[in-house]
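> Structure in structure tokens, see below.
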Amino acid sequence: MRINDRRFALYLMTPAALFLAVFVAYPLFRLIADSFFKISPFVGGPRDFVGLDNYVRAFTSEDFIGAGWRTLAYTVVVVTLEFALGLGMALLFTTLGKKSQIWRTVFMYPLMIAPIVAGLLWKFLMIDNFGLVGTLLHQAGILQDPNQIGWLSNPDIVLFSVAIPDIWLTTSFMCLVLFAGLQNIPGDLIEAARLDGARAPAMLFRIILPLLRPVIAVALVVRGIDAARAFDTILIQTNGGPQSASETMSLLIYRTMIRFGDPGLASAMGTIYLLAMLGIAFFAVATIWRPGKDT
């Protein structure tokens, strides 16, 4: 019995489709459905329909609004610094050519480290009283006291401090994506710009970055979504403290579900969170990539 190409393709897609249906579509459906109910945290407990009450509670909650702004600030800081550092390293590796092979390999090592391990590492580096960062800055004469800066205890700077491990971990990913995109830019185009007298800043902003728009859009969306759902690195460093100054949306949803035992409210928060990230992702693709339009 001979199978046509279309049916063969359907057979190949079936396992993946079943996997997505069981582990993605069904949990997503349950998340949205549970957001309309007040659910007991105990198995077999009452489940009462409350309509949009959970959404009203979420939008009127100071904790939810605060966590949303902190998540936005954390994401902007992380993605901006990763993009700037990643682009700089990608341009450097491209300029060096084959001479950068060893350095590219070394630069990718942080990607192999688990986020929770990176969080523990940087927690010990920045912790008060015996953190290595404060000690080194004191020995260099930059700080008068090793404990002058409370990296993880000062509410004013803790959000930036907990972002450092994330930046350290995934700048190499941003560099890898941008470096791959740079390899697709014709060398003749760059050489022609040089012969016409174009300086490096002009080539960067008028030639390289416009040609990298699709790659930049993908990199920013992927990293933006990943940074916005940061959980383990922050949990292991500060557990959302001090004074909830580093509590992001993921941590708030986790606490609402596990500690406060309110699955319905947590589901409503998660649904709002999901829709917000989808909206930002579509906006980023439309404004940066601008598919269907000339660059």
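The values are calculated or read from the model by the stated rules, or taken from the named source; none is laboratory data. Every value quoted in this text rests on a predicted model; they were computed, and no experiment measured them. Cβ: placed from backbone, ideal geometry, glycine included. Neighbour counts: every protein chain shown. Remember, those area values only see protein heavy atoms, side chains included, never the ligands or the DNA or RNA. Shrake-Rupley method; radii C 1.70, N 1.55, O 1.52, S 1.80 Å.
> In what sequence, largest accessible area first, do Ser35, Ser244 appear using a 1.4 Å probe?
My answer, sorted largest first, is Ser244, Ser35.
> Here's something else I'd like to know. Report relative contact order for the chain in percent, whole number only (criteria: Cα-Cα under 8 Å, sequence separation at least 6).
Relative contact order of the chain: 29 percent.
> Under 1.5 on a/c is rounded, so check that first for region 137-257, then, if it is not, pick prolate when a/b is larger than b/c and oblate when it is not; a ≥ b ≥ c are the square roots of the alpha carbon gyration tensor eigenvalues.
Oblate, since a/c reaches 1.5 and b/c is not below a/b.
> Can you put Arg255, Arg47 in order of accessible area, largest first, using a 1.4 Å probe?
Of Arg255, Arg47, the descending order of accessible area is Arg47, Arg255.
> Determine how large the accessible area of Ile280 is when every protein chain is in place; take a 1.4 Å probe and give Å² rounded to the nearest 10.
100
> Then there's this: Pulled fully out, how much extra length does the chain show between Gln243 and Arg199, if you take 0.36 nm times their separation in residues and subtract their Cα-Cα distance?
Stretched fully, the Gln243-Arg199 segment lengthens by 10.9 nm.
> While we're on this one: Given the C-alpha centroids of region 151-204 and region 1-50, what is the distance between them in whole angstrom?
After rounding, the separation between the Cα centres reads 38 Å.
> Express in nm, to one decimal, how much length is gained between Val218 and Arg104 on full extension, taking 0.36 nm for each residue of separation and deducting their alpha carbon distance.
38.9 nm
> Using R₀ = 30 Å, calculate the FRET efficiency as 1/(1 + (r/R₀)^6) where r is the Cβ-Cβ separation of Asp188 and Ala286; round to 0.05.
After rounding, the FRET efficiency stands at 0.45.
> Also, quick follow-up: If ligands, DNA and RNA are left out, what is the accessible area of Phe283 with a 1.4 Å probe, given in Å² to the nearest 10?
140
> In Å², what does the accessible area per residue of region 207-249 work out to with a 1.4 Å probe?
For region 207-249, the solvent-accessible area averages 35 Å² per residue.
> Round to a whole number: what % of the accessible area of the chain belongs to carbon and sulfur, probe 1.4 Å?
Roughly 68 percent, rounded to a whole number.
> I've got another one for you. Take the eigenvalues of the Cα gyration tensor for the chain, scale each by 5, and report the square roots as semi-axes in whole Å, largest first.
37, 32, 18
> Find how much the distance from Leu275 to Ile116 grows on full extension, using 0.36 nm per residue of separation minus their present alpha carbon separation; answer in nm with one decimal.
Length gained between Leu275 and Ile116: 54.5 nm.
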